[in-house]
Amino acid sequence: MIVRIDAKRRVSIPAALAPTAPGDEFDAQFDAEHDVVTLRRIRRRLEWLSVWRQCPSPMDDLPSRSMELPKNPDL
């Protein structure tokens, strides 16, 4: 499939080539020897709220944090 760059130096990837969504991130690399631009999709970061909801134990069951300073700060 051939795609063209527009006046603002943007390339649009057709949906038939690769399903993408707004906000997807790609790692772009240029190989001067072969004159090739390679795009690799970067996995999306998980939203902290969805990770928190998957927590196996309720937050109320976790031990409370100590307000004391560490006794041995040299680890």
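The numbers here are math on the coordinates, done by the rules we state, and not lab data. Please read all numbers here as calculations on a predicted model, not as lab measurements. Quick reminder, even Gly has a Cβ in these numbers, built from the backbone with ideal geometry, and neighbours come from all protein chains shown.
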From a point 7 Å beyond the Cα of Ile13 in the direction of its Cβ, which residues of region 29-45 have a backbone N at a distance under 14 Å?
29, 37-44
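Let's see if you can work this out: charge +1 on each Lys and Arg Cβ, -1 on each Asp and Glu Cβ, no other charges. What is the dipole magnitude of the chain about its Cα centre, in debye to the nearest 20?
On the way: 12 positive and 12 negative charges, 65 e Å.
Computed charge dipole of the chain: roughly 320 debye.
Order these peptides, 21-28, 64-71, by their mean beta-carbon neighbour count within 10 angstrom, highest first.
For the peptides 21-28, 64-71, the packing ranking is 21-28, 64-71.
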Name the residue from Cys55, Ala7, Gly23 whose Cα lies farthest towards the positive end of the charge dipole of the chain, charges +1 on Cβ of Lys and Arg and -1 on Cβ of Asp and Glu.
Ala7
What helix-only [θ] at 222 nm does the chain give? Using -39500 (n - 2.57) per DSSP H run of at least 4, over all residues, to the nearest 500, the answer is -2000 deg cm²/dmol
